[in-house]
Amino acid sequence: MLPNALSERVLDCIIVGGGPAGLTAALYLGRFRRHVLLIDAGESRAAWIPVSHNQPSFPGGISGLDLLQRMKQQAERFGTEIRGSLRVDHIQPAESGFLVEFADGSATAKTILLATGVVNHRPDMRIDLHREAVARGLIRYCPICDGFEAMNQKIAVLGADDHGVDEALFLRTYSANITLLCAREIASAKMQRFAEAGIEIVTRPVTSIAIDQTRIVVDVERSTTGFAFDTLYPALGSSSNIELATRMGAAVSDQGCLIVDDHQMTTCAGVYAAGDVVEGLDQISVAAGQAAIAATAIHNRLRSLEGR
């Protein structure tokens, strides 16, 4: 249960989501001297990152967990209240702004920032095995983030639509040994590009994915031996965590992301969004930039409401 002092007063902003977007917004709003509560379910995709080498200011790389911990400490230093392992159940308009409800209490704020991210569609394999494979770099989800780390490796892309096709071609930048695991026929124009790029195509369904010492092993139908790869990129799409916003009537794009204006406000006045839940390039740096814009817009909105 939230302390009475917090549950009874109206906050300036409640941030939902403790990934890079939510924590950046918390830092900015704290430094704007705003009273902020950040609620984090602890499911940020950034926590999966074994080592990121494209995060500015960390030339030796940094793990996702370490980065999130540093960002959390920085936000708390400037006054943000952070509640972890807590999931928001519902948000609804209230006389003073918005009422945010969760398992053991509620809180009210004048504005809301949603940094709820997306959920990757994972390959069909045991959860513990999947976690181990991600931690060891045997499964990767973002070629923009870590294609460089897969340089010259034997790479597989698992995908049955244009996303998988395009990802295989993108990864050709880093390796000449690319295999697309795609259980359907490919358009002739794409086939020509694959032939020119030297990409192998396997059009039989995948039946199992396992770890064999330092490699990821994929079995497919009608194959007596598995295919072994240094790393596997699942290109199976993702689903945005938009339910809290859509229940309030927020508009969603054709890609299933929240629609925002130039100041990151959704179509619900006073409700902002930043990070992967918003359509755009899913990168930490982009999420942080969107969060900075949103936090500044929130501060200025509150200044206007306060008449200053």
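Quick notes
- Antiparallel DSSP beta bridges within the stretch 122-234, as percent of all bridges there, nearest 5: 45 percent
- Two-decimal ratio, the stretch 62-176, of alpha-carbon radius of gyration to 2.2 N^0.38 Å: 1.49
- DSSP-defined antiparallel bridges as percent of all bridges, the chain, nearest 5: 45 percent
- Efficiency of FRET between residue 211 and residue 54 - r from beta-carbon atoms, R0 35 angstrom, step 0.05: 0.85
- Reported label for calculated log10 I(q)/I(0) by the Debye sum over Cα atoms at q = 0.09, 0.16 Å⁻¹ given (i) -0.51, -1.21; (ii) -0.42, -1.59; (iii) -0.64, -1.18: (i)
- The ranking of 259, 209 from fewest to most other beta carbons within 10 Å of each one's beta carbon is 259, 209.
- Loop-located GluC sites (Glu not before Pro) in the stretch 62-118 (DSSP state other than H, G, I, E, B) with a sparse environment of at most 12 neighbouring Cβ atoms within 10 Å: 95.
- Rg/Rg_globular for the stretch 157-308, with Rg_globular taken as 2.2 N^0.38 Å and Rg from C-alpha atoms: 1.44
- Taking the stretch 15-50 and a reference point 7 angstrom along Cα→Cβ of residue 66, the backbone N atoms nearer than 18 Å belong to 20, 46-50.
- Rounded to 5, percent antiparallel among DSSP beta bridges of the stretch 1-139: 45 percent
- Taking 0.36 nm per residue of separation and subtracting the current Cα-Cα distance, fully stretching the chain between residue 200 and residue 254 would add 16.3 nm.
- Using a Förster distance of 30 Å, the FRET efficiency for residue 175-residue 43 (Cβ separation, nearest 0.05): 0.45
- Fewest-first sequence of 28, 272 by Cβ atoms within 10 Å of each Cβ: 28, 272
- Estimated FRET transfer efficiency when R0 is 35 angstrom, pair residue 296-residue 135 (beta carbons, to 0.05): 0.45
- The chain: calculated mean residue ellipticity at 222 nm from DSSP helix runs of at least 4, using -39500 (n - 2.57): -8500 deg cm²/dmol
Each value in this text was obtained by applying a stated rule to the coordinates, not by laboratory testing. Note that this is a predicted model, so its numbers are computed, not measured. Glycine gets a Cβ as well: all are built from the backbone with ideal geometry, and neighbour counts include every protein chain shown.
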